[in-house]
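The values are calculated or read from the model by the stated rules, or taken from the named source; none is laboratory data. These numbers come from a predicted model, not from an experiment. As a convention, Cβ positions derive from the backbone with ideal geometry for all residues, glycine included, and neighbour counts pool all protein chains shown.
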Amino acid sequence: MSIEAPPYPDAHDLLAGKTVLVTAAAGTGIGFATAKRCIEEGARVMVSDIHERRLGEAAEALAKIAGEPVASRLCNVTREEEVQALVAAAVSELGRVDVLVNNAGLGGTANVVDMTDEQWSSVLDITLTGTFRMTRAVLPHMIDRGSGCVVNNASVLGWRAQVGQAHYAAAKAGVMALTRCSALEVAGEGIRINAVSPSIATHAFLAKVTSEELLAELESKEAFGRGAEPWEVANVIVFLASDYASYMTGEVVSVSSQRA
């Protein structure tokens with residue numbers, strides 16, 4: 001049995017006056033949904049992605065919601081010079097970066113016995129090291145200001161096993177550990193670092209790269225009998241970015257209806 005998603009929620013100005021930088025925000029997934037929800041909640045947003053056409057389309061769609069142009073910049077999070085340029089551009093365009101949402105990641109399916117070094121390294125470099133690079137790049141700016149917030153996108157696979165996902169699960173477990181350790185390092189600087197851990201968020205791109213059989217199997221493990229809407233994950237990211245989460249740092253919040 002599948003329980004339908006609730007109505008799309010009204011905004012409540014949870015991020016009024018804040019500035020937000022979101023990576024991997026093009027397309028139909030969590031990144032775009034997060035940028036959209038941040039704008040609806042009163043933030044000024046800059047988005048980045050590695051796909052030029054989709055990034056342009058995303059920025060155009062977001063501008064219609066914002067009622068003004070939305071800054072965007074291409075960025076490959078595996079390249080340090082592009083990461084540094086993105087953060088510098090965000091500070092220039094927005095005036096400051098209050099919130100960084102690290103959404104960039106790469107998946108794939110391969111059993112360990114068949115997995116190549118390239119498959120392993122690509123997933124780790126984008127998903128884990130890319131999150132590290134972006135966090136490292138933005139922290140000096142936040143430390144100078146004495147405030148800031150980072151929200152990382154992890155996964156329940158950082159906790160739970162799934163065949164063919166050793167590289168992705170290892171990367172997401174690393175994101176969780178990075179979240180906890182970096183949060184302790186900068187807590188005294190007035191900076192919070194947390195993560196969300198979604199189970200499955202259903203969107204058009206996921207459907208293109210995942211078989212119907214696997215999607216059905218994953219959704220059957222959810223108590224609601226469906227995957228999350230990307231905006232349902234984005235809502236939790238917005239909460240962690242907001243002042244309502246002022247006492248939370250180093251936490252990984254599961255966004256899941258999976259039964260134990």
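Of the helices (runs of 4 or more DSSP H) entirely within the range 164-254, those holding at least 1 residues that are buried (at least 20 other Cβ atoms within 10 Å of the Cβ) and at pLDDT 95 or above occupy 166-186, 230-241. Only one residue in D49, D98 is of a type outside the set (A, V, I, L, M) and either within 19 Å of T127 (Cβ to Cβ) or crowded, with 23+ Cβ neighbours inside 10 Å (or both), so which one is that? Answer to the selection: D49. Before we move on, is A161 without any contact (Cβ under 8 Å) to a residue 24 or more places away in the chain and assigned to a loop (DSSP other than H, G, I, E, B)? So A161 passes the test. Within the range 45-98, the set of residues being more than 17 Å from L15 (Cβ to Cβ) and among the small types (G, A, S) comprises S48, G56, A58, A59, A61, A63, S72, A85, A88, A89, S92.
Can you find even one residue in the range 7-20 that is of a type in the set (A, V, I, L, M) and not in a loop (DSSP other than H, G, I, E, B)? Yes, there is a match, as at least one residue in the range 7-20 is of a type in the set (A, V, I, L, M) and not in a loop (DSSP other than H, G, I, E, B). Scanning the range 18-28 finds one or more residues that are under 30 Å from G225 (Cβ atoms), modelled with pLDDT under 95, crowded, with 17+ Cβ neighbours inside 10 Å and touching a helix residue (DSSP H, G or I) at 6+ places or on another chain (Cβ under 6 Å). Of all residues in the range 68-95, those that are touching a residue at least 60 places away in the same chain (Cβ under 8 Å) and surrounded by fewer than 16 Cβ atoms within 10 Å (Cβ to Cβ) total 1.
Among the residues of the range 84-100, those identified as more than 19 Å from the chain's Cα centre (by Cα) and among the aliphatic types (A, V, I, L, M) are A85, A88, A89, V91, L94. Within the range 134-150, does at least one residue satisfy the condition of being assigned to a loop (DSSP other than H, G, I, E, B) and out of contact with any Leu (no Cβ under 6 Å at 6 or more places or on another chain)? Looking through the range 134-150, at least one residue is assigned to a loop (DSSP other than H, G, I, E, B) and out of contact with any Leu (no Cβ under 6 Å at 6 or more places or on another chain).
When A104, A88 are checked against the criterion of being touching a Gly at 6+ places or on another chain (Cβ under 7 Å) and not charged (D, E, K, R), a single residue qualifies: A104.
Contact map, the range 98-121: first residue part of a strand (DSSP E or B), second residue basic (K, R), Cβ cut-off under 9 Å, separation 6 or more or different chains; pairs are V99/K18.
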